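The values are calculated or read from the model by the stated rules, or taken from the named source; none is laboratory data. Everything numeric in this text was worked out from a predicted model, so none of it was measured. Counting neighbours? That spans all protein chains shown, and the Cβs are built from the backbone with ideal geometry, glycine included. These accessible areas exclude ligands, DNA and RNA; they are computed on the full protein's heavy atoms, side chains included. Shrake-Rupley method; radii C 1.70, N 1.55, O 1.52, S 1.80 Å.
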Amino acid sequence: MEAILNKVDRRKALVTLLMAVVGIVFLLPFAWMISASFKVEEEVLTFPIQWIPATWNAAANYQEVWTGNLPFFLYYWNSIKVSVLTTITSVTISALAAYGFAKIQFKGREALFLIVLATYMIPPQTLLVTQFLLYRWIGLYDTHTGLILLNSFSVFGTFMLRQFYMGISNEMLESAKIDGAGHFRIFWHIALPLVRPAIATYAILRFIWTWNDYQNPLIFLRSEHLYTIQLGVAAFADAHGSIYSLMMAASVSAIVPLLIVFVIGQKHVIEGIQLGGVKG
Amino acid sequence: MQAEAKSTQVQAVKTRKKKSSLNGGWKENVTGYLFIAPMFIGTSILVIFPIIASIVLSFTNWNFVSGFKAAEFVGLKNFTDLFSNAVFLKSLGNNFLLLLAIPVGLFISLTLAVIINKYVYAKDWFKVIYFMPFISSTVAVAVVFQVLFHPTKGPINQVLMSMGVADPPGWIADVAFSLPSVMIIMIWTSIGFNLIIYLAGLQSIAPELYEAAEMDGASAWYQFSRITIPLVSPTTFLLLVTGLISSFKVFDLIIVLTNGGPANSTLTPVVYLYQQAFLELKTGYASAIALVLFIIIIFITIIQFVGQKKWVNY
């Protein structure tokens, strides 16, 4: 018996090792990016690839990105502002709507939910032109408020949180009702605390998606002082397209903070996508 | 955006209606409307109104700089122009070629999922590794691959040349290889999502099936092809459809990586729409492109609903 166990474990260990190698190869583009961002320009494309820079130039590269011609601190601040505020408004709006659709019996509920759900089928790009016109007309073009509102009404968030509210037993809410609590109190004191893990998942995902969004800022912002980090990296690549060490330092600046958010919240993110995606 | 849409799609398919036992009354009605009001009003203004306006605009030759008065009803002219325009047809063709990346990506994802599910330690770490490209900034990823794919000096071709490939492809600079380059990046970024969903799907397969197969002496390949593949077919179908739909939404990657070039070899309808609407300022024409895209996606969605019952092997 013990011999068998040992054998199985060894095989598993071997596969794990092989898969680790595959995983490292899979992540090589990131490794290359980080390594290149630490190098002096002349050594970026030397072959064979030097994964550990021969001449360290990290400080100068990152200084050039962050304090050079383009105001990266400002772009960063704009991204943080837009991502945080979008996350807060979107989570609030979705949590309210999801509770309404799951736990309140109002007239036309199914029909209204179906309408909201159906809007998912519309690819966002088909809306760009008219959203752009609308924004220019009502004065939301070239504002952060406009950008935040664009991602605040999420069918995904509403749908996902609704699924979780559905899992709360009605008896629990009924007894609170008998005690005289209204829906707002039930929502705040009972329902919301129960779906906290789902809220965390959605909040992390929303933050990541907003941070990485390039298309909306590209179309709905014009003033450079409003640019987000994604527009900043693209602008930087245009300006320094031939200086690869600097381009990589800019890319690292855009990717790494998010990778950290993800690695910290990975359990929430992965479980959330699995739960929402498959078990439904 | 794309990721979000993908997940929603996956979820939407799984909707189940359940009745709440909390009973109505006018107070219940008003409270209900208050709870959903922000979401519903926002969606109406930012999605429902724009899609209707977009349909109307697609029958005009308007450009938004010249004001509403200059708008003229032109009937189906935008659409006939569109389908006799070689550039637009090329972009549609490119997008259909991009679809080839999806089955390849799914096969890789499923293979990895099977291995990670059963044969490795530290599963969670593998999930994190493969998920990283999916949550990374597309702009930064595109910038990195621009350098990696550099035809003469890029690391990828340097490695190929050192392995004896005398004339490696020019990747994004080469008309014949630019679209495959985009596909490679698309596969690389989508494996994480597909893998996670596949892992959840694999967990629902009863282990007894494999035990029985093993007792009968079935090989690993036999188990994979005769048990795993048929039993995850609902997941595969779902991921295939969401993949098809999201391939019509690829924007950030192409804009930053190639901007549709060289020689329109990576132009897709979405990128073309962007160029027509915001660079050429042809509002009506761009709305017509939007409508065509919309119809394609609706069409795929209908196939999904029909196909789900017919082709999926439970």
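Data table
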{"item": "Criterion violated by A:ALA254 - all others in (1) open to solvent by less than 10 Å² (accessible area, probe 1.4 Å); (2) facing chain B (nearest Cβ under 7 Å); (3) more than 23 Å from A:ILE148 (Cα to Cα) satisfied", "result": "(3)"}
{"item": "Hey, A:THR145 modelled with pLDDT of 90 or more, in a helix (DSSP H, G or I) and surrounded by fewer than 17 Cβ atoms within 10 Å (Cβ to Cβ) or not", "result": "yes"}
{"item": "Given (1) open to solvent by less than 10 Å² (accessible area, probe 1.4 Å); (2) within 30 Å of A:ASP238 (Cα to Cα), number of the condition B:TYR198 does not satisfy", "result": "(2)"}
{"item": "Leading residue by the ranking (surrounded by the most Cβ atoms within 10 Å (Cβ to Cβ)) among those in segment A:114-142 that are among the hydroxyl-bearing types (Ser, Thr, Tyr) and in contact with a Phe, Trp or Tyr (Cβ under 7 Å, 6 or more places away or on another chain)", "result": "A:THR126"}
{"item": "Given (1) open to solvent by 30 Å² or more (accessible area, probe 1.4 Å); (2) more than 14 Å from every other protein chain (Cβ to nearest Cβ); (3) at pLDDT 90 or above, number of the condition B:THR189 does not satisfy", "result": "(2)"}
{"item": "Tabulated pairs, segment B:166-188, first closer than 24 Å to A:LEU27 by Cβ and aromatic (Phe, Trp, Tyr), second part of a helix (DSSP H, G or I) and open to solvent by less than 70 Å² (accessible area, probe 1.4 Å), C-beta under 6 angstrom, 6+ apart or interchain", "result": "B:TRP171/B:SER181; B:PHE177/B:TRP171; B:TRP188/B:PRO133"}
{"item": "Segment B:247-275, residues that are open to solvent by 10 Å² or more (accessible area, probe 1.4 Å), among the hydroxyl-bearing types (Ser, Thr, Tyr) and over 14 Å from B:PHE88 (Cβ atoms)", "result": "B:THR258"}
{"item": "Number of the condition not met by A:VAL195 [criteria: (1) touching a helix residue (DSSP H, G or I) at 6+ places or on another chain (Cβ under 7 Å); (2) more than 11 Å from every other protein chain (Cβ to nearest Cβ); (3) open to solvent by 10 Å² or more (accessible area, probe 1.4 Å)]", "result": "(3)"}
{"item": "Residue tally, condition more than 7 Å from every other protein chain (Cβ to nearest Cβ) and open to solvent by less than 10 Å² (accessible area, probe 1.4 Å), over segment B:134-144", "result": "2"}
{"item": "Any hit, segment B:162-180, residues being touching an Asp or Glu at 6+ places or on another chain (Cβ under 9 Å), buried (at least 24 other Cβ atoms within 10 Å of the Cβ) and over 30 Å from B:THR228 (Cα atoms)", "result": "no"}
{"item": "Any hit, segment A:125-132, residues being of a type in the set (S, T, N, Q) and under 30 Å from A:VAL195 (Cα atoms)", "result": "no"}
{"item": "Residue in segment A:205-222 that is most open to solvent (accessible area, probe 1.4 Å), counting only those that are more than 9 Å from chain B (Cβ to nearest Cβ) and within 10 Å of A:SER83 (Cα to Cα)", "result": "A:PHE207"}
{"item": "Extreme residue, nearest to the other protein chains (Cβ to nearest Cβ), among residues of segment B:24-50 that are of a type in the set (A, V, I, L, M) and open to solvent by 20 Å² or more (accessible area, probe 1.4 Å)", "result": "B:VAL47"}
{"item": "Close pairs from segment B:204-229: first open to solvent by 100 Å² or more (accessible area, probe 1.4 Å), partner assigned to a helix (DSSP H, G or I), Cβ under 8 Å, at least 6 apart", "result": "B:GLU214/B:GLN223; B:TYR222/B:ALA213; B:ARG226/B:ALA213"}
{"item": "Residues being touching a residue at least 40 places away in the same chain (Cβ under 8 Å) and either within 8 Å of chain A (Cβ to nearest Cβ) or within 20 Å of the chain's Cα centre (by Cα) (or both) - total across segment B:114-130", "result": "3"}
{"item": "Filtered residue count, segment A:111-127, keeping only those that are within 7 Å of another protein chain (Cβ to nearest Cβ) and in a helix (DSSP H, G or I)", "result": "9"}
{"item": "Segment B:95-133 - residue that is open to solvent by 40 Å² or more (accessible area, probe 1.4 Å) and of a type in the set (Val, Ile, Thr) and, of those, farthest from B:ILE196 (Cα to Cα)", "result": "B:VAL104"}
